[in-house]
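The values are calculated or read from the model by the stated rules, or taken from the named source; none is laboratory data. Computed from a prediction, not measured in an experiment: that's the story for all the values here. Neighbour counts run over all protein chains shown; Cβ positions are idealised from the backbone, glycine included. SASA here: full protein model, heavy atoms, side chains in, ligands and nucleic acids out. Shrake-Rupley method; radii C 1.70, N 1.55, O 1.52, S 1.80 Å.
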Amino acid sequence: MTDEGLRARKRRRTSAAIQRAALELALERGDLHPPVDAIASRADVSPRTFFNYFATRDEALVGEPMQFPDDADPTVGDDLLDMLETIALLVLGDRELDRDLILLRRDVMRQHPELFARRVVQSHEIEQQLIRLAERRATLDGSDRPHERGRIAALVAMGALRAGWMRWVDRAGGETLEAAVRATFDEVRSMVRTAAIV
């Protein structure tokens, strides 16, 4: 592995340790205000390192969102939905996902619905990235309504991503995240074909 790859892996592990510490302390304390010093101590990093990763305690609790790059190639894939699936899988492939951390965050969100509201804001930002990407593809495909078509495709893709994510978490490592996401996109295609026949 290259030095850059090792640094990226170390950065992901440190980020996960900080998030885990923040969530564990939130559960233990029963509130969403664990002191940054306590989070840093639990994660075995300095407060300065904490702020190198997260601007606020809230960011550590909510977690790092998926980021669809602005320069993503909208021409990949056979069609609009296939393009969104392909790019989503590329983005997911760059992330080291920790199922235990995801379940821990889910436990905290059950105790503190306000944290779920912050995740909804984060999801909206991801949706907007997908919509912009889908609009670009719809325009390239010659759609006379690229905004409408892009929005519909992006929201369907967002639903398939969430369903794939939930399937992966629920199956406890029974399949890879990539396989789970592919399966949910395939299910969407199957539903569309069935609806078209009916």
>> Condition (residue is more than 27 Å from GLY164 (Cα to Cα) and touching a His at 6+ places or on another chain (Cβ under 9 Å)) applied to the range 61-80: is it met by at least one residue?
In response: no
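May I ask you to verify whether ARG137 is in contact (Cβ under 8 Å) with a residue 24 or more places away in the chain and either at positive phi or of a type in the set (D, E, K, R) (or both)? Outline the logic, then answer.
Numbers: in contact (Cβ under 8 Å) with a residue 24 or more places away in the chain: yes; either at positive phi or of a type in the set (D, E, K, R) (or both): yes.
Yes.
Restricting attention to the range 43-64, report how many residues are assigned to a loop (DSSP other than H, G, I, E, B) and open to solvent by less than 40 Å² (accessible area, probe 1.4 Å).
Residues of the range 43-64 that are assigned to a loop (DSSP other than H, G, I, E, B), as a first pass: 44-46, 54-56, 63-64.
Now restrict to residues that are open to solvent by less than 40 Å² (accessible area, probe 1.4 Å): 45, 54, 63.
Total satisfying the criteria: 3.
Among ALA117, ALA88, ALA138, which is the only one that is aliphatic (A, V, I, L, M) and in contact with a Gly (Cβ under 6 Å, 6 or more places away or on another chain)?
Every option except ALA138 fails the conditions.
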>> The conditions are (1) over 30 Å from GLU135 (Cβ atoms); (2) out of contact with any Lys or Arg (no Cβ under 8 Å at 6 or more places or on another chain); (3) open to solvent by 50 Å² or more (accessible area, probe 1.4 Å), and HIS33 fails exactly one of them. Which is it?
In response: (2)
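Looking at ALA16, ALA40 in this structure, which one is closer than 18 Å to LEU115 by Cβ, hydrophobic (A, V, I, L, M, F, W, C) and part of a helix (DSSP H, G or I)?
Values: ALA40 fails: closer than 18 Å to LEU115 by Cβ.
Only one candidate passes the filter, namely ALA16.
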>> Given (1) touching a residue at least 40 places away in the same chain (Cβ under 8 Å); (2) open to solvent by 50 Å² or more (accessible area, probe 1.4 Å); (3) assigned to a helix (DSSP H, G or I), identify the lone condition not met by MET191.
In response: (1)
> What number goes with the only condition from (1) within 20 Å of ARG99 (Cβ to Cβ); (2) buried (at least 20 other Cβ atoms within 10 Å of the Cβ) that ARG13 does not pass?
Replying inline: (2)
>> Restricting to the range 16-30, name every residue that is in contact (Cβ under 8 Å) with a residue 60 or more places away in the chain and either surrounded by 21 or more Cβ atoms within 10 Å (Cβ to Cβ) or within 9 Å of ALA60 (Cβ to Cβ) (or both).
In response: GLN19, LEU23, ALA26
